[in-house]
1. Any chance you could run the full-extension gain for Arg32 through Ala61? It's 0.36 nm times the residue separation minus the Cα-Cα distance, nm to one decimal.
2. Report Ile96's accessible area, 1.4 Å probe, all protein chains in place, as a number in Å² to the nearest 10.
3. Can you give the accessible area of Asp42 in Å² (nearest 10), computed on protein heavy atoms with a 1.4 Å probe?
4. Among Ser10, Ser36, what's the order by accessible area (1.4 angstrom probe), most exposed first?
5. How large is the accessible surface of Glu105 in square angstrom, using a 1.4 angstrom probe and rounding to the nearest 10?
6. Taking amide hydrogens as modeled 1.01 Å from N in the peptide plane, which residues meet the under 5 Å criterion relative to Gly20, leaving out close sequence neighbours?
7. Spin-label point model (7 Å from Cα, Cβ direction): what's the Lys104 to Arg74 distance in nm?
8. For segment 53-125, what size does the Cα cloud have along each of its three principal axes, sorted from largest down, in whole Å?
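The values are calculated or read from the model by the stated rules, or taken from the named source; none is laboratory data. These numbers come from a predicted model, not from an experiment. Cβ atoms come from the backbone with ideal geometry, glycine included; neighbour counts cover every protein chain shown. Surface areas here come from the heavy atoms of the whole protein model, side chains and all, with no ligands, DNA or RNA. Shrake-Rupley method; radii C 1.70, N 1.55, O 1.52, S 1.80 Å.
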Amino acid sequence: MSLFSRKPASFLGVDIGGGGVKMVEFRNDRHRARLSTYGFSDDPSGWTAPAAATSEHRIDAERTASILKDLCLRARVETKRAIAGLPIASVFSSIITLPAMPEKEVPAAVTWEAKKLLPLPIEEVVLDWKLLNGGAESAHPRPPGEKSKTMRVLLTGAPKA
């Protein structure tokens, strides 16, 4: 689903990082994203320094919520829909190849493959996937009417924690 494809809506993009919190609100304006408002706080008091051997930050949830609430009020955010980014080190992505199959069988096949690839148990991961159209076809053209024997899937997972 595209962010700005259907009815008029707005979305809040949130980035919580070591240097503070940044947010932008985009509104659908004739199927184009238009900046509605923004806010930032360079107050990193809700965070601790990165752990020595990892890039993870420990976040004080109550302090972070307070900062977010204050930013939303000052920026006059209207939407209730938010999209948040995750650090690249926390997200697993892979392109998998599956045999061609009926669409209703794809979710189970993707989950089965994900169990083999993910570094965490599947129960501890938020999993998402998208069929990639044209990826293999552009590299290996087929005669018109001939169906592909495989399908490519973009698999993404992030820890629920």
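1. Roughly 7.1 nm would be gained on extension.
2. 10
3. Surface open to solvent at Asp42 totals about 110 Å².
4. Ser36, Ser10
5. Glu105 has an accessible surface of roughly 90 Å² with all protein chains in place.
6. Long-range HN contacts for Gly20: none found.
7. The two pseudo-label positions are separated by 5.4 nm.
8. If we take the Cα atoms of segment 53-125, the spans are 52, 37, 19 Å.
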